[in-house]
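Inspection log for the structure reproduced underneath, given as structure tokens.
The values are calculated or read from the model by the stated rules, or taken from the named source; none is laboratory data. Everything numeric in this text was worked out from a predicted model, so none of it was measured. So basically every Cβ, Gly included, is an ideal-geometry build from the backbone, and we count neighbours across all protein chains shown. Ligands, DNA and RNA are excluded from the accessible area calculation, which covers all protein heavy atoms including side chains. Shrake-Rupley method; radii C 1.70, N 1.55, O 1.52, S 1.80 Å.
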Amino acid sequence: MAVIAIIYGSETGNTEKVSQSIKSKLDSKFGETVADVFNVTDITPETFAEYSMFILGASTWNIGDIQANWENFLPEMDKIDLNNKIAAVFGLGDQEGYIDNFVDGMGTLAKKVGERNGTIVGNWPTSGYEFNKSTATIDDKNFYGLAVDEDQQADQTEERVSQWTEKLIKEMCLEEVFS
């Protein structure tokens, strides 16, 4: 039985690809279905009642905008109470082309989870990235979640996803759930 809903919005397929990679790593770790994957266009606020944990992924477009399908769904999130629910976020962006708003879409998701009383896990170090500003940072040393740059650092995505997924397993206490 899946306990995690991975919900993504994707224009180019990259965010979907990362979502599927996270699911694959989680499912193979425990030998069963740990996560279900949804495009944000295929969910309703009621979807959030069916799961206790979430991994939310979005890319950043234009000058700091969240991916369009997420932007359309954000007002619906105001109907959702995430109290006693755990969420992790990840974001895709281009740190060279958008140095002043790298992975801002992830920052938008993290802030919305916080507004809805959810607990965010899975912060990720900012080291290894070169950017000026991002709304996805907690402080100078950490993002709210995994930052992925398929434009400039695609060769690092798989390893970053693997490391982040291991971090989530610990922080979401999944070994206790699937023992």
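Every residue in the range 29-43 that is open to solvent by 20 Å² or more (accessible area, probe 1.4 Å) and either touching a residue at least 60 places away in the same chain (Cβ under 8 Å) or among the hydroxyl-bearing types (Ser, Thr, Tyr) (or both), please. Across the range 29-43, the qualifying residues are Lys29, Phe30, Glu32, Thr33, Thr41. Restricting attention to the range 59-68, does a residue exist that is open to solvent by 20 Å² or more (accessible area, probe 1.4 Å), more than 16 Å from the chain's Cα centre (by Cα) and within 21 Å of Glu158 (Cα to Cα)? For the range 59-68, residues open to solvent by 20 Å² or more (accessible area, probe 1.4 Å), more than 16 Å from the chain's Cα centre (by Cα) and within 21 Å of Glu158 (Cα to Cα): absent.
Just one of the listed residues (Lys141, Lys79, Lys167, Lys111) is surrounded by fewer than 18 Cβ atoms within 10 Å (Cβ to Cβ), modelled with pLDDT of 95 or more, over 29 Å from Lys29 (Cβ atoms) and among the basic types (Lys, Arg), namely Lys111.
Yes/no per residue for (1) touching a Lys or Arg at 6+ places or on another chain (Cβ under 8 Å); (2) modelled with pLDDT of 95 or more; (3) over 20 Å from Thr119 (Cα atoms):
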| position | (1), (2), (3) |
| --- | --- |
| Met1 | no, no, yes |
| Gly9 | no, yes, yes |
| Ser24 | no, yes, yes |
| Ile43 | no, yes, yes |
| Lys85 | no, yes, no |
| Gly91 | no, yes, no |
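Among the residues of the range 44-84, those that are in contact with a helix residue (DSSP H, G or I) (Cβ under 7 Å, 6 or more places away or on another chain) and over 26 Å from Thr165 (Cα atoms) comprise Glu76, Lys79.
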